Amino acid sequence: MKNILLFGAGRSATHLIKYLLAQLSVHGWKMTIADQNPAAIASLTDGVTAAQAVQCDILNDESRRNLIREADIVISLLPPALHIIVAQDCVAMSKDLATASYVSDEMKELHDEAVSKGIVMMNELGLDPGLDHMSAMRIIAQIEDQGGEVKRFISNCGGLVSPESDDNPWNYKISWNPHNVAMAGQGTAIFIQDREVHCIPYTKVFRNYQLCEIPGIGSLAVYYNRDSLKYLNVYNLPGIETMIRGTLRSERYCLAWSVIVNLGLTDALSHINNSVNMSYAEITQSFLRDAAGNSLKERIEHAIGYSISDEIMAMLQWLGLWDDSLTGIENARPVDVVEKLMLEKWMLRPEDKDMVIMQHQFGYTIDGSQKECVSTLVRHGSNNIYTAMSELVGLPLAIYVKNRLLHRIGSPGVHIPIDKGVYEPILSELSEMGIVFDEVWSE
């Protein structure tokens with residue numbers, strides 16, 4: 001009897017758990033879900049005798065290793081920094097591993113040992129990274145099979161709020177890890193456009209957005225992701241003229257978040273010693289101590305070095321940056337304060353629906369003729385538990401796990417899903433579920 005072990009059952013795990021629980025009786029498998037709070041997920045396994053939810057402190061070596069020892073394949077939906085300790089145990093015990101996170105340098109170092117053990121450590125099996133790779137590679141393969149050459153590739157993705165649940169001035173609610181939302185865009189954005197490399201520092205990323213038209217949705221802003229150039233090798237497109245990866249938001253979200261960044265409120269290194277006894281307003285004001293101006297808006301403009309509209313000012317106030325209530329956070333970093341406000345103001349209500357959009361834009365040539373393909377996926381969630389984000393992060397990962405157990409897809413070592421033998425069965429099954437990219441091919 002095959003045993004699937006899942007570490008971590010947070011907001012991205014609901015669809016994955018539901019899918020895999022349905023596979024247990026079909027294939028005679030069992031599943032163990034390990035989390036710090038198993039009571040919170042017990043309802044998901046209720047009535048499924050082949051599944052159990054157990055408490056596990058992931059940093060407890062004995063507890064963690066005992067669970068891994070009994071597994072045939074391990075799924076980690078833990079915070080990315082914790083994948084490596086699970087991965088090291090998997091290599092030591094010759095267990096397959098699957099994650100939805102970016103491959104870290106530490107994970108890459110396990111490649112040769114994983115090959116020698118004959119195990120597959122497949123990463124980046126979620127939405128972004130994950131479904132972006134798989135859907136892009138399928139189209140690139142189609143273009144190359146026709147004798148074409150990709151010259152331009154722009155890939156944009158965003159987790160947003162569905163229009164019917166969009167009721168705040170930021171046009172945004174959180175459907176995934178709030179800390180990652182708060183830290184998004186950090187570092188210098190690097191991309192190539194018309195053969196020229198461009199670098200945009202973090203303080204300018206959110207003001208240097210571009211517009212993107214999404215069929216049926218309208219115009220959205222795109223801010224550039226950190227390093228698009230590394231995908232030249234990932235997708236085997238060394239001679240491409242334009243390679244850009246971006247994140248979708250509303251225009252005013254980008255403009256307002258740029259103010260927060262430039263004020264220094266996303267600082268994750270400094271600590272405010274007396275933050276527990278300070279109000280949100282006091283902490284925000286502390287970043288404006290030397291800013292000249294008669295009004296609050298003028299002082300903000302002085303601090304960040306450019307003008308903002310009254311609309312953007314209202315968005316910052318709505319978020320709660322000038323609230324008089326105490327933060328209640330001990331020794332907080334500035335980003336912790338902002339993150340707490342985000343959790344209070346941007347959380348999905350039970351009836352709210354999220355929306356995920358992914359779009360690829362390809363420019364390519366065949367026999368000297370210029371052609372284009374635009375591939376767009378728009379997916380809406382059902383509620384605040386079964387979200388589109390959970391679906392598109394969890395299902396590719398779950399389908400891979402099933403196919404790894406049944407058909408042994410993937411080759412030994414540390415990999416991402418860019419091989420046809422891995423991505424094709426995943427995309428095909430997603431298509432059967434109605435998760436389909438709308439492709440428009442044109443001259």
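The values are calculated or read from the model by the stated rules, or taken from the named source; none is laboratory data. Note that the coordinates shown come from a computational prediction; the quantities given were computed from them, not determined experimentally. Glycine gets a Cβ as well: all are built from the backbone with ideal geometry, and neighbour counts include every protein chain shown.
Which residue, of GLY328, GLY368, GLY320, is among the small types (Gly, Ala, Ser), crowded, with 18+ Cβ neighbours inside 10 Å and more than 13 Å from VAL259 (Cβ to Cβ)?
GLY320
For PRO396, are the conditions met, namely being surrounded by 17 or more Cβ atoms within 10 Å (Cβ to Cβ), in contact (Cβ under 8 Å) with a residue 40 or more places away in the chain and part of a helix (DSSP H, G or I)?
The answer is yes for PRO396.
Pairs only if they're at least six apart or on different chains, beta carbon under 7 angstrom, first in the range 58-74 and more than 24 Å from LEU405 (Cα to Cα), second assigned to a strand (DSSP E or B) and at pLDDT 95 or above; list them, first residue then second.
Every condition considered, the pairs that remain are ILE58/PHE7.
Could you list, in sequence order, all residues of the range 330-353 that are assigned to a loop (DSSP other than H, G, I, E, B), of a type outside the set (Asp, Glu) and over 19 Å from the mean Cα position of the chain (by Cα)? Walk me through it before giving the result.
Initial filter on the range 330-353 (assigned to a loop (DSSP other than H, G, I, E, B)): 330-331, 333, 346, 348-353.
Those still in the list that are of a type outside the set (Asp, Glu) too: 331, 333, 346, 348-350, 353.
Hits for the range 330-353 are ASN331, ARG333, ARG349, PRO350.
Applying the selection to the range 287-313, what residues are within 26 Å of HIS179 (Cα to Cα) and loosely packed, with under 13 Cβ neighbours inside 10 Å? Before the answer, list the steps.
Residues of the range 287-313 that are within 26 Å of HIS179 (Cα to Cα), as a first pass: 287-288, 300, 303-304, 308, 311-313.
Of everything in the range 287-313, just one residue is within 26 Å of HIS179 (Cα to Cα) and loosely packed, with under 13 Cβ neighbours inside 10 Å, namely GLU311.
Taking the conditions exactly as written (among the aromatic types (Phe, Trp, Tyr), farther than 25 Å from ALA189 by Cα and out of contact with any Leu (no Cβ under 9 Å at 6 or more places or on another chain)), does TRP257 satisfy them or not?
Against the criterion (among the aromatic types (Phe, Trp, Tyr), farther than 25 Å from ALA189 by Cα and out of contact with any Leu (no Cβ under 9 Å at 6 or more places or on another chain)), TRP257 does not qualify.
Here's the yes/no breakdown for (1) within 17 Å of ILE329 (Cβ to Cβ); (2) free of Cβ contacts under 8 Å to residues at least 12 places away in the same chain; (3) outside any helix (DSSP H, G or I):
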site	(1), (2), (3)
VAL261	no, no, no
ASP267	yes, no, yes
ALA281	yes, no, no
LEU288	no, no, yes
ALA291	no, no, yes
ASN294	no, yes, yes
GLU298	no, yes, no
GLU301	no, yes, no
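Give the range 106-162 a look and list any residue that's free of Cβ contacts under 8 Å to residues at least 40 places away in the same chain and closer than 15 Å to PHE437 by Cα, or say none.
Result: GLN142, single match.
Looking only at the range 35-44, decide whether some residue is in contact with a helix residue (DSSP H, G or I) (Cβ under 9 Å, 6 or more places away or on another chain) and either part of a strand (DSSP E or B) or at pLDDT 90 or above (or both).
No, the range 35-44 contains no residue that is in contact with a helix residue (DSSP H, G or I) (Cβ under 9 Å, 6 or more places away or on another chain) and either part of a strand (DSSP E or B) or at pLDDT 90 or above (or both).
Would you be able to say whether some residue in the range 151-166 is hydroxyl-bearing (Ser, Thr, Tyr), more than 18 Å from HIS380 (Cα to Cα) and either part of a strand (DSSP E or B) or touching a Gly at 6+ places or on another chain (Cβ under 7 Å) (or both)?
yes
May I ask you to list pairs of residues, at least six apart or on different chains, whose Cβ atoms are under 8 Å apart, with the first in the range 327-345 being farther than 19 Å from TYR253 by Cα and the second being of a type in the set (Asp, Glu) and assigned to a helix (DSSP H, G or I)?
ILE329/ASP336
Sort through VAL86, VAL103, VAL115 and tell me the only one that's on the phi < 0 side of the Ramachandran plot and not in a helix (DSSP H, G or I). Steps first, answer last, please.
Numbers: VAL86 fails: not in a helix (DSSP H, G or I); VAL115 fails: not in a helix (DSSP H, G or I).
The unique qualifying residue is VAL103.
Return yes when SER25 is closer than 18 Å to THR387 by Cβ, of a type outside the set (A, V, I, L, M, F, W, C), out of contact with any helix residue (DSSP H, G or I) (no Cβ under 7 Å at 6 or more places or on another chain) and exposed (fewer than 15 other Cβ atoms within 10 Å of the Cβ) and no when it is not.
Considered against the rule, which asks whether it is closer than 18 Å to THR387 by Cβ, of a type outside the set (A, V, I, L, M, F, W, C), out of contact with any helix residue (DSSP H, G or I) (no Cβ under 7 Å at 6 or more places or on another chain) and exposed (fewer than 15 other Cβ atoms within 10 Å of the Cβ), SER25 comes out as no.
With the structure loaded, tell me whether GLU311 is closer than 19 Å to ASP167 by Cα and either of a type outside the set (S, T, N, Q) or within 31 Å of the chain's Cα centre (by Cα) (or both) or whether it fails that test.
Against the criterion (closer than 19 Å to ASP167 by Cα and either of a type outside the set (S, T, N, Q) or within 31 Å of the chain's Cα centre (by Cα) (or both)), GLU311 qualifies.
Would you check which residues across the range 172-194 are crowded, with 22+ Cβ neighbours inside 10 Å, of a type in the set (S, T, N, Q) and not in a loop (DSSP other than H, G, I, E, B) and list them?
None - no residue of the range 172-194 is crowded, with 22+ Cβ neighbours inside 10 Å, of a type in the set (S, T, N, Q) and not in a loop (DSSP other than H, G, I, E, B), so the list stays empty.
Look through LEU97, LEU20 and report the one residue that is touching a residue at least 40 places away in the same chain (Cβ under 8 Å), of a type outside the set (Gly, Ala, Ser) and crowded, with 20+ Cβ neighbours inside 10 Å.
Working: LEU97 fails: touching a residue at least 40 places away in the same chain (Cβ under 8 Å).
After ruling out the rest, the residue left standing is LEU20.
Can you go through ARG379, ARG349 and tell me which one is surrounded by fewer than 18 Cβ atoms within 10 Å (Cβ to Cβ) and of a type outside the set (Val, Ile, Thr)?
Values: ARG379 fails: surrounded by fewer than 18 Cβ atoms within 10 Å (Cβ to Cβ).
ARG349 is the lone residue from the list that is surrounded by fewer than 18 Cβ atoms within 10 Å (Cβ to Cβ) and of a type outside the set (Val, Ile, Thr).
Considering only the range 305-320, I want to know if a residue exists there that is assigned to a strand (DSSP E or B) and either more than 25 Å from GLY246 (Cα to Cα) or among the polar types (S, T, N, Q) (or both).
No, because not a single residue in the range 305-320 is assigned to a strand (DSSP E or B) and either more than 25 Å from GLY246 (Cα to Cα) or among the polar types (S, T, N, Q) (or both).
Going by the conditions given, is ASN403 in a loop (DSSP other than H, G, I, E, B) and over 21 Å from THR247 (Cβ atoms)?
No; evaluated as a whole, the condition is false for this residue.
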